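I have placed the structure first, in the form of structure tokens, so that the comments after it can refer back to it.
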Amino acid sequence: MSFKTEYMQDLMNRVEKNHPAQPEFHQAVREVLLCMEPVAERNPQYVEAGIFERIVEPERAIIFRVSWVDDAGKVQVNRGYRVQFNSAIGPYKGGLRLHPSVNLGVIKFLGFEQIFKNSLTGLPMGGGKGGSDFDPKGKSDGEIMRFCQSFMTELAKHIGADTDVPAGDIGVGAREIGYLFGQYKRLRNEFTGVLTGKGLNYGGSLVRTQATGYGLCYFTQEMLATKNDSFKDKTVVISGSGNVAIYAAEKATQLGGKVVALSDSNGYIYDANGIDLDAVKEIKEVKRLRIKEYIANHPNAEYHEGCKGIWTIKCDIALPCATQNELDGEAAKTLVANGVMAVAEGANMPSTPEAVDTFQAAGILFAPGKASNAGGVATSGLEMSQNSMRYSWTAEEVDAKLQDIMKHIHKTCKDAATEYGEPNNYVLGANIGGFLKVADAMYAQGVAY
Ligand code: NDP
Ligand code: 2IT
């Protein structure tokens, strides 16, 4: 796809020039700006107010040294980031990622996506993201704790329950949120909802752990319903085996699907009988081991080295839930040739632009992550509400709200896509549906931000 207007092409050129060597950020911006051409045409006030130029520039990006002492007594240094991208509709909100591949461009792409995702939830949350190139793999609990405490010692200066509310992402789950929260409380002498994904006995919300995966399946269910179909008796392939993948597998199974494959960055497992999810939870959540361990107690299952091969498995529904650009054009062609009917992104930007083009050209249902994985941050928003009220909803109450939100996001995408003449284009619908609320808020608030 290429730009039709000089205005958007010029803006894209400027983004590439002003943010050099940040390919993931360019990719995320390009996808959104391509969808913005008809919006700019119908809304000249956005062009006049420079909304497009402003929305691609983070309000603030903080980069800091994180030094910590490892178990051998050696000083280690990592780099920490928090990109506070857009606060037009609420406090900055978005996760923290701990992975060696993290750099400023990756955090900017994630923070940019988060603006539109958070807007789609209908809740008052701006967009932000953070993290570090720290690699949690193979680290002891003590090392993780000392890293998180050092990271928070700087981050605490920039966040707050009404300013910026981080949460988990790759490499950050309940354990890390606990250490981060403890350090924030120690530094500020304040018990507030400054992080989400907290433990249930200190301000966490029921269903937050499950929310991204469950929400992904609720969104997929809505898409399938437009074709009078459902998860029932469908073969499902899910990449990753972390928080999002595990709870996507749980809900897909509850809705009648059969999940036959999961992966990690080393390889994938295939179990034609359907994955034994209790075994996966034990391996990944309790023991923190590799997915390969699954075959030790499941003799009928197969393990294959390399994570990309998972897309060669024949399936009806594919849910990429690992990381960005994990599903390329070639994998998309194989999925389509094998008869896939729906692809919904649990990860952020897991499909390359070539893969998205392939799915759309084939006319299959395709849900972009900023719509289909929004259940996680939506439930973070519900955690913030409960913290403000100093009250907790039951699991049934939270789950019902999550289902409503995912239905609402689906409708917002569908309505925006229809209004702009491409009713089946969820990428267009999600970008426009997410953009309008933020753009109107920016417009109303004047030019400074
Ligand atoms: P986890 O850390 O719990 O799990 C990540 C999974 O993805 C692991 O199986 C990991 O394998 C795999 N993975 C990570 N990096 C790579 C890579 N470079 N290549 C192949 N596999 C990789 O993270 P989450 O489940 O929380 O996050 C998964 C995705 O979902 C991310 O894109 C995240 O941004 C997105 N997301 C998360 C939300 C949340 O609430 N947690 C909300 C919305 C989106 P390995 O162990 O080998 O690294
Ligand atoms: O990508 C995401 O939406 C997340 N990692 C969750 C963010 C949050 O604030 O719950």
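Output the number of the condition that F116 fails; it satisfies all remaining conditions of (1) in a loop (DSSP other than H, G, I, E, B); (2) under 26 Å from L436 (Cα atoms); (3) within 16 Å of ligand 2 (Cβ to nearest atom).
F116 satisfies every listed condition except (1).
Among the residues of the stretch 363-376, is there at least one that is in contact with a Cys (Cβ under 7 Å, 6 or more places away or on another chain) and within 16 Å of ligand 2 (Cβ to nearest atom)?
So far as the stretch 363-376 goes, yes, one or more of its residues are in contact with a Cys (Cβ under 7 Å, 6 or more places away or on another chain) and within 16 Å of ligand 2 (Cβ to nearest atom).
Collect the residues in the stretch 108-148 that are among the polar types (S, T, N, Q) and either without any contact (Cβ under 8 Å) to a residue 60 or more places away in the chain or buried (at least 20 other Cβ atoms within 10 Å of the Cβ) (or both), keeping them in residue-number order.
Start the filter on the stretch 108-148 by keeping residues that are among the polar types (S, T, N, Q), which leaves 114, 118-119, 121, 132, 140.
Passing the criteria: Q114, N118, S119, T121, S132.
For the stretch 246-272, give me each residue that is under 17 Å from D316 (Cβ atoms) and either outside any strand (DSSP E or B) or free of Cβ contacts under 8 Å to residues at least 24 places away in the same chain (or both).
Result: A248, A249, K251, A252, T253, Q254, L255, G256, G257, V259, D271, A272.
Just to verify a result, which residue in the stretch 277-298, among those that are surrounded by 15 or more Cβ atoms within 10 Å (Cβ to Cβ) and farther than 22 Å from G138 by Cα, is nearest to ligand 2 (Cβ to nearest atom)?
The residue in question is L277.
So which pairs qualify, if the first residue must be in the stretch 365-380 and closer than 14 Å to A430 by Cα, the second must be near ligand 2 (Cβ under 7 Å from one of its atoms) and outside any helix (DSSP H, G or I), the Cβ gap must be under 6 Å, and the two must be at least 6 apart or on different chains?
G369/N348
Would you check if there is a residue in the stretch 410-425 being touching a Leu at 6+ places or on another chain (Cβ under 8 Å) and crowded, with 24+ Cβ neighbours inside 10 Å?
Looking for residues that are touching a Leu at 6+ places or on another chain (Cβ under 8 Å) and crowded, with 24+ Cβ neighbours inside 10 Å, one finds at least one in the stretch 410-425, hence yes.
Could you look through the stretch 351-378, keep only residues that are outside any helix (DSSP H, G or I) and buried (at least 24 other Cβ atoms within 10 Å of the Cβ), and pick out the one that is nearest to ligand 1 (Cβ to nearest atom)?
If we filter the stretch 351-378 for residues that are outside any helix (DSSP H, G or I), which is where we start, we get 351-352, 363-368, 373-374.
Now drop any that are not buried (at least 24 other Cβ atoms within 10 Å of the Cβ), which leaves 351, 366-368, 373-374.
Numbers: S351: 11, F366: 17, A367: 13, P368: 12, N373: 4, A374: 7 Å.
Per the stated criteria, the residue is N373.
Laboratory data are not the source of any read-out in this text; all were calculated from the coordinates shown. A quick note: this is a predicted structure, and the numbers were derived from the prediction, not measured. Cβ: placed from backbone, ideal geometry, glycine included. Neighbour counts: every protein chain shown.
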